[in-house]
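A.B. asks: Below you will find the structure I want to go over with you.
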Amino acid sequence: MTAPTTTASTTAPLSTGAFWEDAERHLVRYGGEFTREIIERAAGSFLFTADGRKILDFTSGQMSAILGHSHPEIVATVRRQIASLDHLFSGMLSRPVVDLARRLADTLPAPLEKALLLTTGAESNEAAIRMAKLVTGRHEIVSFARSWHGMTQAAASATYSAGRKGYGPGAPGNFAIPVPNAYRPDFTTDDGSLDWRRQLDFAFDLIDAQSTGSLASCLVEPILSSGGIIEPPPGYFAALRAKCRERGMLLILDEAQTGLCRTGTWYAFERDGVVPDILTLSKTLGAGLPLAAVVTSAEIEQEAHERGFLFFTTHVADPLVAAVGNTVLDVLVGDKLDERARALGTFLHRGLTDIASRHAVVGDIRGRGLLAGLELVVDRETKQHSNELGALVTRRCLELGLHMNIVQLPGMGGVLRMAPPLTATEDELSLGLTMLDQAIGEAGASV
């Protein structure tokens with residue numbers, strides 16, 4: 001064992017070559033390849049690299065930085081809060097935590113009024129599943145076949161879009177139901193459109209056949225993001241809730257990416273007039289910092305408490321990130337970012353529709369507000385997809401100065417996910433659309 005080397009903070013920055021040598025030698029790869037850019041700083045809608053490049057961030061970091069990077073009010077809150085109260089024993093409370101719980105409840109319909117503040121989306125889904133199992137006395141969980149709910153045990157067991165193979169058995173009693181994908185329908189009406197009611201009935205016939213009689217909850221996203229920006233049609237979630245009620249299941253909605261104004265309303269579930277039994281929030285709540293929440297009714301919380309609900313974690317109810325969450329709410333309300341997301345979403349979708357009119361490789365455009373998806377195909381008639389096309393477009397976008405993320409799933413074309421900050425300007429969206437237009441044109445001509 002040798003003494004550690006001098007820290008980077010006291011030495012000159014590593015050369016680009018040395019940086020990547022250290023990265024390759026010392027970092028565990030956790031999914032795909034690292035983007036070959038060294039990011040030095042970020043501000044607003046842009047990232048700035050070590051070699052002086054300026055990159056427009058169309059994913060808000062990991063779909064989280066809804067106020068852009070280094071928002072001045074977030075910066076001021078972190079500086080103030082970390083100097084006074086940053087972290088506490090898990091059984092202690094602070095004003096930022098209680099304030100945030102109360103204010104979250106004020107943004108939600110009854111009976112959602114009890115909040116548990118955590119760090120990540122996986123952790124909030126883990127807690128929600130644990131609560132549902134305890135309250136119902138059951139253990140079986142139903143999720144969409146292209147879901148992403150996190151990489152911890154229960155959350156990963158309810159995740160079907162990636163990461164299932166090679167790790168041994170997941171939690172027992174996890175079932176998948178088909179995704180109601182209007183662009184690639186599996187159950188169809190006479191006119192060829194998606195027959196989601198028949199699909200949902202079929203799905204629960206299969207669930208009933210497999211269940212041991214211990215159905216606890218259904219955990220789903222209002223808009224599947226890692227599943228390809230797929231939005232179930234109006235009426236679907238009311239019907240899904242009815243299926244849950246018939247079986248004594250709790251409905252858990254995971255609004256990690258859709259919550260807090262991104263889709264043009266405070267919560268995506270508002271469109272359907274359906275209130276979940278348990279709501280999970282993360283990503284957008286901390287605007288890029290690690291903050292998540294589980295919100296439920298007083299009745300469910302009381303039942304969980306009486307049964308001994310336990311979810312101690314090191315950073316449960318931490319005051320630092322709770323203060324950030326309060327500032328996020330301040331900005332969302334003060335700047336009316338729900339209205340802004342609706343207006344900018346209309347602008348973005350109009351631009352994507354224009355791109356589709358000029359490039360035959362664009363098969364479908366979908367999403368809501370500032371969460372948009374564009375599916376690439378090599379043939380619009382057959383909807384044949386090409387992983388190569390998606391990779392070419394993504395790579396060319398980055399070369400032009402636009403960071404995009406693509407989802408490649410079996411049976412689906414490459415889907416570009418777009419989630420710009422709610423603070424983005426029309427000029428920034430126009431710049432991104434221009435670069436995307438060029439990238440699709442060049443890539444489409446080469447396949």
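The values are calculated or read from the model by the stated rules, or taken from the named source; none is laboratory data. All values derive from a computational prediction rather than experimental measurement. Cβ coordinates were reconstructed from backbone atoms using ideal geometry, including for glycine residues, and neighbour counts include every protein chain displayed. Note: accessible area is taken over every heavy atom of the protein model, side chains too, but ligands, DNA and RNA are not part of it. Shrake-Rupley method; radii C 1.70, N 1.55, O 1.52, S 1.80 Å.
A.B. asks: With the structure loaded, tell me whether Ala298 is under 15 Å from Gly259 (Cα atoms) and touching a Lys or Arg at 6+ places or on another chain (Cβ under 9 Å) or whether it fails that test.
C.D. replies: Judged against the criteria, Ala298 is not a match.
A.B. asks: In the range 259-281, how many residues are under 13 Å from the mean Cα position of the chain (by Cα) and either assigned to a helix (DSSP H, G or I) or at pLDDT below 95 (or both)?
C.D. replies: 1
A.B. asks: Residues in the range 418-434: is at least one assigned to a helix (DSSP H, G or I), buried (at least 16 other Cβ atoms within 10 Å of the Cβ) and of a type in the set (Asp, Glu)?
C.D. replies: Yes.
A.B. asks: Another question about this same structure. Tell me the strands (runs of 3 or more DSSP E) entirely within the range 170-258 that contain at least 2 residues that are more than 30 Å from Pro420 (Cα to Cα).
C.D. replies: 174-177, 215-220
A.B. asks: Turning to a different aspect of this structure: For the range 80-105, give me the residue count where each residue is touching a strand residue (DSSP E or B) at 6+ places or on another chain (Cβ under 9 Å), open to solvent by 60 Å² or more (accessible area, probe 1.4 Å) and touching a residue at least 24 places away in the same chain (Cβ under 8 Å). It would help to see each step written out before you state the result.
C.D. replies: Restricting attention to the range 80-105, the residues satisfying the condition of being touching a strand residue (DSSP E or B) at 6+ places or on another chain (Cβ under 9 Å) are 97, 100-102, 104-105.
Of the ones still in play, those that are also open to solvent by 60 Å² or more (accessible area, probe 1.4 Å) are 102.
Cutting the leftovers down to touching a residue at least 24 places away in the same chain (Cβ under 8 Å) gives us none.
Result for the range 80-105: 0.
A.B. asks: Now a separate question. Only one of Thr284, Thr296 is surrounded by 24 or more Cβ atoms within 10 Å (Cβ to Cβ), in a helix (DSSP H, G or I) and touching an Asp or Glu at 6+ places or on another chain (Cβ under 9 Å). Can you tell me which?
C.D. replies: Step by step, each of Thr284, Thr296 is checked, and only Thr284 is surrounded by 24 or more Cβ atoms within 10 Å (Cβ to Cβ), in a helix (DSSP H, G or I) and touching an Asp or Glu at 6+ places or on another chain (Cβ under 9 Å).
A.B. asks: Gln408 is checked against (1) closer than 22 Å to His69 by Cα; (2) in contact with a Gly (Cβ under 6 Å, 6 or more places away or on another chain); (3) surrounded by fewer than 19 Cβ atoms within 10 Å (Cβ to Cβ) and fails just one. What number does that condition carry?
C.D. replies: Tallying (1) closer than 22 Å to His69 by Cα; (2) in contact with a Gly (Cβ under 6 Å, 6 or more places away or on another chain); (3) surrounded by fewer than 19 Cβ atoms within 10 Å (Cβ to Cβ), Gln408 fails exactly one: (1).
Here's the yes/no breakdown for (1) modelled with pLDDT under 95; (2) touching a strand residue (DSSP E or B) at 6+ places or on another chain (Cβ under 8 Å); (3) open to solvent by 10 Å² or more (accessible area, probe 1.4 Å):
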{"site": "Ala292", "(1), (2), (3)": "no, yes, no"}
{"site": "Glu301", "(1), (2), (3)": "no, yes, yes"}
{"site": "His305", "(1), (2), (3)": "no, no, yes"}
{"site": "Val316", "(1), (2), (3)": "no, yes, yes"}
{"site": "Leu320", "(1), (2), (3)": "no, no, yes"}
{"site": "Val324", "(1), (2), (3)": "no, no, no"}
{"site": "Asp338", "(1), (2), (3)": "no, no, yes"}
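A.B. asks: Could you check the range 384-413 and list, in sequence order, the residues that are among the hydrophobic types (A, V, I, L, M, F, W, C) and out of contact with any helix residue (DSSP H, G or I) (no Cβ under 7 Å at 6 or more places or on another chain)?
C.D. replies: Residues satisfying the conditions are Ala391, Leu398, Val407, Leu409, Met412.
A.B. asks: Could you please let me know if Glu73 is at pLDDT 95 or above, assigned to a helix (DSSP H, G or I), within 29 Å of Leu337 (Cα to Cα) and open to solvent by 40 Å² or more (accessible area, probe 1.4 Å)?
C.D. replies: yes
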